[in-house]
Structure formats: structure tokens, C-alpha cells
Amino acid sequence: GNSVTQMEGPVTLSEEAFLTINCTYTATGYPSLFWYVQYPGEGLQLLLKATKADDKGSNKGFEATYRKETTSFHLEKGSVQVSDSAVYFCALSDQGEIIFGKGTRLHILP
Amino acid sequence: DVKVTQSSRYLVKRTGEKVFLECVQDMDHENMFWYRQDPGLGLRLIYFSYDVKMKEKGDIPEGYSVSREKKERFSLILESASTNQTSMYLCASSSLGAGGYDEQYFGPGTRLTVT
């Protein structure tokens, strides 16, 4: 069946550090992949997505590349800011099913 | 600006009460979803709907029911609230994309406390 595994948090970094949040998936078909972000007290919002292998999604300085060979969709940002503190969810959509990872809480220290 | 709205941000109910959570989207999406979010458990799908009057059980439907009488509105009903239903409830909507469902748009959430 389909599944999403993302690294457990919390992740604590200093401002301007490099960020990687790992996400791997299993899927029976050809899924679309997503990263969502949830700021305190709010619902989830789409951060970026990729719909086929080798696609790179990007937004607000965040990037993730759909790697079919390693079944991964790792989230990266070159220089994080305090305002990036939030919970990040990796998700896939495949053949009528949507699966979310459990979320990774990110703390950025000034 | 696209929007999913939920009727309440915070709700406190007593055990045994019937509770209605309302969700409205303005994007003409076919698909709507109800999730609950609990610490350490992530998002869990309660019910979803792919068309008016259609509904499908998600992973944890027990103790819940839903209603979709109009395309833009999807209601979650707790028939007899219990303390283990204290949680954050998130509504979402989406259209269909290449891999199935396209990106989901979420409401701000309703934090329900059952005492």
C-alpha cells in the first residue's frame, strides 16, 4: 500500500542555517508529492508540489525534487529564518488516496 | 483569494451532546475532506466526499457522520460527543489532478474540547 515516512522532530536550527527535512514514500502507482506547512494556530497550506519524476517544486526559498529511484521528496532551504518555524508535512496523492506524514516541527533560533 | 472556512475556531461541548462542524469552500471543488489532528498522530482522515450527497469512510469514521447537501458545504457530525473526540478538526477541499487528488486547501481548523 501507499505510505509516507518523514523524519521526526523537533528540528532546531539557528537562523541562516541550511535545512533538510527527509521524506520517503511507497506507492503502487505514480503519485503526486506535496509539502504542506502549518504555522501556529492555522490550518495547513501548500508549500510546494511535484507531479512526476525529476520535477522540482519550489516556493519561498524551499525546494524539493521528486526522486523516483530513491522514492524520496526531501525538503531543503539554503538559509532559514525565524519565520520558517512551523510544522512541515510531506504528503502523496495516488489513485484516489491521500497520505500524510506525521509532520516535522521546526524551530529556528535567532 | 481562495478560501475554506470553518464555522468555529474553538468549541467546548459536554459529553453526550450532538456537535455540528460546518465547512464551506468557494472554489467549486468536487472533493471535500474532514481530518482530525492529534499530537504525535499527524492527520487522520475521518470522512471524505467526492460529490454532493456522496460520502466515503476514511481511516477513523467511528463516532462520526457527515452530510453534503450542497457542493460548497461539508458538515461533520458527532452524534454523541465523547472526551476522546477532543481534538483539532481540519476541513479541506481539492479538485482532481494528474496523480489523483490535486493540492488540498485547508480551513483554519476547529479546536473542539469535550468535557
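Laboratory data are not the source of any read-out in this text; all were calculated from the coordinates shown. Owing to the predicted nature of the structure, the values given are computational and were not obtained by experimental measurement. Methodologically, a virtual Cβ is constructed for each residue, glycine included, from the backbone with ideal geometry; neighbour enumeration extends over all protein chains shown.
Can you tell me what the convex hull of the Cα atoms of chain A projects to on average, as an area in nm²? Present the calculation step by step, with values, prior to reporting the outcome.
Details: hull surface 25.7 nm².
The directionally averaged projection comes out at 6.4 nm².
Considering only chain B, what is the antiparallel percent among its DSSP beta bridges, to the nearest 5?
Values: 37 of 41 bridges.
Among the beta bridges of chain B, antiparallel pairing accounts for roughly 90 percent.
With θ set to phi - 60°, apply the Karplus curve 6.51 cos²θ - 1.76 cosθ + 1.60 along segment B:24-37 and write out the HN-Hα couplings as whole Hz, x wherever there is a Gly or Pro.
10, 10, 10, 10, 6, 6, 6, 9, 9, 9, 10, 10, 10, 10
Springs between alpha-carbon pairs under 10 angstrom, Gaussian network model over chain B: which of B:Val12, B:Val52, B:Val24 fluctuates most?
B:Val12
Over 19 Å between C-alpha atoms is what I'm after, so list which of B:Lys3/B:Lys71; A:Lys56/B:Lys3; B:Lys3/B:Lys70; A:Lys56/A:Lys77 land there.
Too far apart for the 19 Å limit: A:Lys56/B:Lys3.
Amide H of B:Asp102 versus every other amide H placed in the peptide plane: which residues, excluding those fewer than 5 positions away on the same chain, fall under 5 Å?
The list, which skips near neighbours in sequence, is B:Ser95, B:Leu96, B:Gly97.
Could you run the Debye sum over the Cα atoms of segment B:22-69, one equal point scatterer each and no solvent, and tell me log10 of I(q)/I(0) at q = 0.23 Å⁻¹, two decimals?
Debye output, listed in q order: -0.86.
Jot down the radius of gyration and Dmax of segment B:11-115, Cα atoms only, both in angstrom.
13.4, 44
Straight-line reach from B:Lys18: which aspartates and glutamates fall under 14 Å, measuring Cα to Cα and dropping same-chain residues less than 8 apart?
Answer for B:Lys18, where 14 Å is the Cα cut-off: B:Glu79, listed by chain and number.
7 Å from Cα along Cα→Cβ at both B:Thr86 and A:Glu8: what's the point-to-point distance in nm?
2.4
Enter the Cα centre distance for the pair segment B:14-93 and segment A:28-96, rounded to the nearest angstrom.
24
Report the residue, chosen from A:Leu33, A:Leu92, A:Leu46, that carries the largest GNM mean-square fluctuation when chain A is represented by alpha-carbon nodes joined by springs under 10 Å.
A:Leu46
If Rh is defined by the Kirkwood formula over all Cα pairs and Rg also comes from Cα, what ratio Rg/Rh do you get for the protein assembly as shown?
Details: Rg = 17.5 Å, Rh = 18.0 Å.
The Rg/Rh ratio comes out at 0.97.
For segment A:9-15, take each phi angle, set θ = phi - 60°, evaluate the Karplus expression 6.51 cos²θ - 1.76 cosθ + 1.60, and give the result in whole Hz per residue in order, putting x for glycine and proline.
The phi angles translate into x, x, 10, 10, 9, 8, 4 Hz.
log10 I(q)/I(0), Debye, Cα-only segment B:64-114, no solvent, q = 0.16, 0.28, 0.31, 0.32 Å⁻¹?
Results for segment B:64-114 at q = 0.16, 0.28, 0.31, 0.32 Å⁻¹ read -0.61, -1.13, -1.19, -1.21.
Along the charge dipole of segment B:1-68, pointing to its positive end and built from +1/-1 on Cβ of Lys, Arg, Asp and Glu, which listed residue (B:Tyr10, B:Gln25, B:Val52) has its Cα farthest out?
Working it through, the farthest residue towards the positive pole turns out to be B:Tyr10.
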